[in-house]
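Values quoted throughout were computed directly from the atomic coordinates according to the rules given, and no laboratory measurement underlies them. Everything quoted here is computed from the prediction, not taken from an experiment. Methodologically, a virtual Cβ is constructed for each residue, glycine included, from the backbone with ideal geometry; neighbour enumeration extends over all protein chains shown.
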């Protein structure tokens with residue numbers, strides 16, 4: 001099975017011989033791929049949507065992985081027994097929803113060593129949530145697919161708190177690695193922010209002016225991150 005860049009990046013974060021629970025599985029592609037590559041021993045493919053579970057079941061049967069992958073319709077982890085599993089993958093949904101799924105079933109994470117998340121929004125919030133529930137962020141990637149940037153974050157059981165707000169905002173792992181995709185994302189954020197300012201300038205309301213002021217501060221922060229943290233001595237070779 002061939003995966004999209006986003007799903008492949010998620011799959012590549014799963015350790016050899018893991019047992020995984022894939023929340024928001026949709027078509028079941030990630031657990032199927034991992035079984036075919038013999039990366040995992042068994043999996044639960046779960047989704048809140050019955051139609052998604054039906055699609056996943058069909059694909060799992062077509063790929064002859066029904067003895068290793070179970071499909072469970074569940075709102076988050078509510079209907080899933082996590083015993084015997086070491087990794088939970090939660091992907092393809094907003095960051096606040098990921099946080100809710102974790103909070104609603106925090107007692108079920110006692111035996112989960114790895115939490116791999118791919119939030120569509122509120123990435124900063126998700127980084128904080130991982131720390132709040134006892135996971136340290138050991139890896140993070142940014143993938144560009146169909147002109148959209150996606151963050152894939154790996155949490156491992158352990159305690160960690162970032163010292164700087166900017167590390168929650170943009171990702172300490174990415175900053176420390178001088179990640180080239182982070183640079184690309186920050187540059188994109190600057191362009192997008194300037195476009196918003198152009199639209200707001202058409203309005204002379206106090207609300208619009210306040211928003212422009214806040215966006216300008218954000219642009220300064222983006223520039224500082226690129227120039228002072230990612231680029232050292234002005235050498236592009238710093239990027240991996």
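Here are the numbers for this structure:
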{"quantity": "Cα-projected label distance for residue 215 with residue 196, points at 7 Å along beta-carbon direction, nm", "calculated": "0.7"}
{"quantity": "Highest to lowest packing among 47-53, 159-165, scored as the average C-beta count within 10 Å", "calculated": "47-53, 159-165"}
{"quantity": "Tilt relative to the chain, helix 206-224 - C-alpha long axis, 0 to 90 degrees, to 10", "calculated": "80"}
{"quantity": "Degrees, to the nearest 10: 95-104 long Cα axis against longest axis of the chain", "calculated": "50"}
{"quantity": "Förster radius 30 Å - calculated FRET efficiency between residue 106 and residue 50 (Cβ-Cβ, nearest 0.05)", "calculated": "0.70"}
{"quantity": "Sequence-separation-based contact order of region 128-180, relative, with Cα cut under 8 Å and 6+ spacing, percent", "calculated": "35"}
{"quantity": "In nm, spacing of pseudo-spin labels at residue 139 and residue 120 (7 Å Cα→C-beta vector)", "calculated": "2.5"}
{"quantity": "Angle in degrees between helix 50-62 and the longest Cα principal axis of the chain, rounded to the nearest 10", "calculated": "60"}
{"quantity": "Length-normalised contact order for region 5-166 - Cα pairs under 8 Å, 6+ apart - percent", "calculated": "20"}
{"quantity": "Spread of Cα-to-Cα distances over 10 Å intervals beginning at zero, given as percent, for region 111-196", "calculated": "17, 51, 26, 6, 0"}
{"quantity": "In Å, descending, principal axis extents of the Cα set of region 1-40", "calculated": "22, 18, 16"}
{"quantity": "Calculated FRET efficiency for the pair residue 15/residue 188, C-beta based, R₀ 30 Å, to 0.05", "calculated": "0.45"}
